[in-house]
Amino acid sequence: MLSEDEKYAYLVGLRLYEKSGEYPALHTVFRAALQGDGTLEPFFGDPLVSGGDRDHLNEPACLAIDAEDHLYVADRGNDRIVIVNCRTGACLGAFPVESPEWVGVHRASGAAYVY
């Protein structure tokens, strides 16, 4: 997902490779600047710690960005959509949705669509 100003790419659904053959989910939104070396950095959440409070995620599944540069995160493991400020990384709130797999936001109306 690209930021409104197209300076950053946001990613979820990444997994950690382990020699045991297990691939645990990383509970975070990563961000990479499109100018520079493209290094991924944790932007929201903690990659190794899941949680359901205002600072943590549990198996984020999908992202959307609205016209006001707010990032919508389908937080599947917590049955909610979390809204994050793309500039500051601060949680702006959340609303409940059972096991969300996908989220989209209509840029003109601001309506959120989830399944």
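So, in Å, what gap is there between the alpha-carbon centers of the stretch 80-115 and the stretch 15-32?
One Cα centre to the other: 23 Å.
Given points 7 Å out from each Cα along the Cα-Cβ axis, report the residue 11 to residue 109 separation in nanometres with one decimal.
Modelled inter-label distance: 3.3 nm.
Ignoring ligands, DNA and RNA, please state the percent of accessible area on the stretch 1-93 from carbon and sulfur, probe 1.4 Å.
The value for the stretch 1-93 is 48 percent carbon and sulfur by accessible area.
Kirkwood hydrodynamic radius for the stretch 1-49: how many Å is it when counted over pairs of different Cα atoms?
About 11.7 Å for the stretch 1-49.
Read through the labelled values (i) 7.4; (ii) 8.5; (iii) 8.1 and report the label of the one computed as mean projected area of the Cα convex hull in nm² from the structure.
This structure yields the entry labelled (i).
Give me the accessible area per residue for the stretch 48-115, probe 1.4 Å, as a whole number in Å².
Value returned for the stretch 48-115: 51 Å² of accessible area per residue.
The values are calculated or read from the model by the stated rules, or taken from the named source; none is laboratory data. Since we're looking at a predicted model, the values are computed, not measured. Every residue, glycine as well, gets a Cβ built from its backbone with ideal geometry; the counts of neighbours run over all protein chains shown. Each accessible area value is taken on the protein alone, full model and side chains, heavy atoms only, with ligands, DNA and RNA left out. Shrake-Rupley method; radii C 1.70, N 1.55, O 1.52, S 1.80 Å.
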